[in-house]
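To start, the structure under review is shown below, and the notes come after it.
The values are calculated or read from the model by the stated rules, or taken from the named source; none is laboratory data. Because the structure is a prediction, the values reported are computed rather than measured. Every residue, glycine among them, receives a Cβ derived from its backbone with ideal geometry; neighbour counts consider all protein chains shown. Surface accessibility is based on the protein's heavy atoms, side chains included, excluding ligands, DNA and RNA. Shrake-Rupley method; radii C 1.70, N 1.55, O 1.52, S 1.80 Å.
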Amino acid sequence: QVQLVESGGGLVQPGGSLRLSCAASGRISRFNIMGWYRQAPGKQRELVAVSGSSGSANYADSVKGRFTISRDNAKNTVDLQMNSLKPEDTAVYYCHYTDSYAYWGQGTQVTVSS
């Protein structure tokens, strides 16, 4: 089992920044993928950014150039720095971990509004 604890959501004005953090604990595999997904009201959950344990990263086109994912393998954490936020970034953001199995965090609300 792997447990994921997220932090860092909140309310921000358009153009602002937020940083999300996720800490994983439990049976962490040496080779894994950690990242972030989001789900807006009435929409399907979608990939935001993921990173492999080798440091590779993959981003949704909608966030490229604005969001940066980073991870610390020693601490089993993954962060998402979100800059130039837009109202359409409003969603519940979920931390995700996968090796042979997939795990989800409880979600953290990000609201971009003036």
Item to check | Quarter of the Cα convex hull surface for the chain, i.e. its orientation-mean projected area (nm²) | outcome: 6.6
Checklist outcome for this item: Once all protein chains are kept in place, K43 shows an accessible area at probe 1.4 Å, nearest 10 Å², of 140
Checklist entry - Using a 1.4 Å probe, what is the accessible area per residue for the chain, in Å²? => result 54
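Counting only chymotrypsin sites (Phe, Trp or Tyr not before Pro) that are in a DSSP loop and have at most 12 other C-beta atoms within 10 Å, tell me the longest site-free stretch of the chain.
32-100
I'd like the carbon and sulfur percentage of the solvent accessible area for the chain, probe radius 1.4 Å, heavy atoms only, ligands and nucleic acids excluded.
Values: 2930 of 6170 Å².
Accessible surface attributable to carbon and sulfur in the chain totals 48 percent.
Counting only protein chains, not ligands or nucleic acids, how are T68, T77 ordered by accessible area (probe 1.4 Å), most first? Present the calculation step by step, with values, prior to reporting the outcome.
Details: T68 75, T77 35 Å².
Largest accessible area first, the residues go T68, T77.
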